[in-house]
Every structure is written in C-alpha cells, then in structure tokens.
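Written below as structure tokens is the structure these notes are about.
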Amino acid sequence: QFSKEFKQDAVNYYYSSGKTGEEVAKELKIGKSTLSSWIRNAKNHEGLIEHRGSGNFSSDAEKENARLRKELRDAKDAIEILKKAMSILND
C-alpha cells in the first residue's frame with residue numbers, strides 16, 4: 001500500500017518529468033498499470049489523488065462486510081480441513 005502523498009508525488013513527477021509512464025514507474029519501482037490508474041484517478045479529480053485509506057472501503061459497513069466475508073471463508077476452509085482429517089482417521 002502506498003500513501004496518498006506518494007501517489008500524488010508520483011503523478012506530479014510523471015507530469016513534470018517529461019518521461020513516459022513506463023520510465024517513471026520503473027524509476028519508482030511500481031507497476032506501470034498502478035501508475036496509470038493513479039494518473040486516471042488524478043485526472044478525474046482535478047489533478048488530485050482521491051484516497052480512501054487502508055482497504056479502500058467507502059464506509060464502515062462495507063469494511064465490516066468484508067471482514068465478515070473473510071471470517072466466513074476462513075471458517076469454511078477450517079471445516080473442509082476437519083472433514084478431510086475425519087475421513088483420513090476413519091479409513
């Protein structure tokens with residue numbers, strides 16, 4: 001994850017350097033597609049990076065839903081492991 005400041009600096013550097021997106025991305029050791037998405041984001045927001053913070057959740061409810069989905073996925077994985085263990089022990 002990159003900070004809002006890093007993203008903004010990367011976009012500003014791209015515009016001021018005269019270099020291609022690929023050159024800037026390589027210098028900053030980020031993916032070209034990552035830089036491209038930051039540039040698009042900045043264009044859509046009058047040159048400023050729109051940043052929602054860690055996890056990019058627009059609301060607390062969305063963040064909680066993601067947490068619960070992960071918890072459910074982990075529980076299902078645990079159940080599958082237990083089922084396999086039971087079948088091995090029963091053989």
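The criterion of at least 1 residues that are touching a Lys or Arg at 6+ places or on another chain (Cβ under 9 Å), free of Cβ contacts under 8 Å to residues at least 60 places away in the same chain and open to solvent by less than 100 Å² (accessible area, probe 1.4 Å) is met by the following helices (runs of 4 or more DSSP H) wholly inside the chain: 4-17, 21-28, 32-44.
Scanning segment 35-67 for residues that are modelled with pLDDT of 70 or more and among the aromatic types (Phe, Trp, Tyr) yields one hit, Trp38.
The values are calculated or read from the model by the stated rules, or taken from the named source; none is laboratory data. Source: prediction; values computed, not measured. Quick reminder, even Gly has a Cβ in these numbers, built from the backbone with ideal geometry, and neighbours come from all protein chains shown. These accessible areas exclude ligands, DNA and RNA; they are computed on the full protein's heavy atoms, side chains included. Shrake-Rupley method; radii C 1.70, N 1.55, O 1.52, S 1.80 Å.
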